[in-house]
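Here is the structure we will look at.
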């Protein structure tokens, strides 16, 4: 609502509310035949689908404001992709389809349904994701409830509504958008048609329809042929398959190849239908790799894996060494698909011969196994990735642990004076500044980082607690700096480093170099060595500005 709908051409702001707003706009435009509204809506949809849509159908890249970032910002590890936003994406695309009859909108809501929506709920049905990242070090896990409990209730409401998205009618014609084992009674203008679907979709591409109209007559059955069955993962240039399908779809009526008219994403069969007619649709279920647009920085050198409408991921516990980020799968790798009825309530899995980069830089052959993205984190917290490097230079060898990476992270109440005893209560959980991912700039939010959201010009801190005393000689800090409509993040005005002494009090270290506040680089500070069990980084934020830390390294000296 930052400016009138008619002047908008980019989707911005809160992702859930945007999806709801534009759903309403689509209804108003369709019911009032308002072409100006619909033209504006089409511009906004094009921006979303071509520049801000995750391969899982999720939308909203940033936790700040639960909203959209700039064009092509589709970071995976820090993706917000709120469950409610994926649901809103279904609502919006469904209404765009109703207004136009174009299957491309059903392509998008099918993608969201099979990936971005159902990842938000556990297979047991009682745990939920608020955000749905496409990559994790194991810090993400579904929760039984949230203080802001929009997602559990929204999933519950949405699941009950899924039958509404399967079929549509236009006059006496019937359009089929989703393939789900079911029986449906469909009222058209002058008839009532019962359609029974028999299928193991999405694991199998064969769908059989038994048609039983109340009255025999001529009308058209229009079956959506998903873009993924051809050349297009999504109906824009945001993503592309690396290979063509091995075979086209096939369509038979009563055992005989049907005369089909293709258009708007549908295979249309017009004939005189009678009770007992059987239609057999076979969609190709090749395993195909997906490449993102070159402007999506976080996906460069990586490929995603898709089979049918389902996106797959690597999860740590399915790999022999429980790691994911050190694996790479070259383009053109052959995958073997197998249904495993005892795994994750029964899922299709994909296996392939891949590569692993070792800490010394050498590469070895390994076998990897992928599961549907929607089913990850049902066996406990673990590493996970949807976008997999295609070459060694994009993979990340497992780094050796450091004193910082092993430390516990927290922040203290900022009311404490510098020489006060270290706090033992009211400690706040902190995250994101000791993960050992190397930033490319101060605006690199593709990996974990810590930010002081909605805090402006204040005194803030971050702390490390060590399991045993360590001697510290210097530290390196990489500051966060980027713009956001909920507040800009800037390097701090100033900062100091404190250590915990033997009496459990914070003491300022004696720095022998300047406390740097430069962006796009590590700020190296040397100190007179101290032996301690904890460190505190205390920052004074610039007036009117927030701030944060991408990475804080602690360089350990020899123990005294």
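Odds and ends about this structure:
- Point-to-point label distance, residue 150-residue 189, nm (Cα→Cβ direction, 7 Å offset): 4.0
- Against the chain, whose longest principal axis is taken from its Cα atoms, helix 35-51 shows a tilt of about 60°.
- Taking 484, 77, 2 and counting other C-beta atoms within 10 Å, the order from fewest to most: 2, 484, 77
- Gap separating the Cα centres of segment 127-186 and segment 90-111, nearest whole Å: 14
- Highest average first, the peptides 46-52, 304-310 ordered by how many other beta carbon atoms sit within 10 Å of their residues are 304-310, 46-52.
- As an equivalent ellipsoid, segment 135-202 spans semi-axes of 36, 15, 10 angstrom, where each value is the square root of five times an eigenvalue of the C-alpha gyration tensor, largest first.
- Of interest is the spacing of the C-alpha centroids, which for segment 440-454 and segment 22-65 amounts to 27 Å.
- Degrees between helix 150-161 axis and first principal axis of the chain (Cα, 0 to 90, nearest 10): 10
- Packing around the peptides 323-329, 255-261, 297-303, taken as the average count of other Cβ atoms within 10 Å per residue, puts them in this order, highest first: 323-329, 297-303, 255-261.
- Length gained when the stretch residue 261-residue 161 is fully extended (0.36 nm per residue, less Cα-Cα span): 33.0 nm
- Angle of helix 15-32 to the longest C-alpha principal axis of the chain, folded into 0 to 90 degrees and rounded to 10: 30°.
- Ordered by the number of other Cβ atoms lying within 10 Å of each residue's own Cβ, fewest first, 512, 349 fall into the sequence 512, 349.
- Note on segment 469-529 and segment 222-297: Cα centroid distance 56 Å, given to the nearest whole angstrom.
- In segment 408-557, the C-alpha radius of gyration followed by the widest Cα-Cα span (Dmax) gives 14.5, 44 angstrom.
- Values (1) 3, 16, 24, 24, 16, 9, 5, 2, 1, 0; (2) 3, 10, 14, 16, 15, 13, 12, 10, 6, 2, 0, 0; (3) 3, 13, 18, 18, 14, 11, 9, 7, 4, 2, 0, 0 are given for comparison; P(r) over Cα pairs in 10 Å bins from 0, in percent, derived from the coordinates here, is the one labelled (1).
- Ordering 358, 344 from the fewest to the most neighbouring beta carbons within 10 Å gives 358, 344.
A short reminder: the numbers here are calculations on the coordinates, not readings from a lab. Quantities reported herein were computed from a predicted structural model and do not represent experimental measurements. Cβ coordinates were reconstructed from backbone atoms using ideal geometry, including for glycine residues, and neighbour counts include every protein chain displayed.
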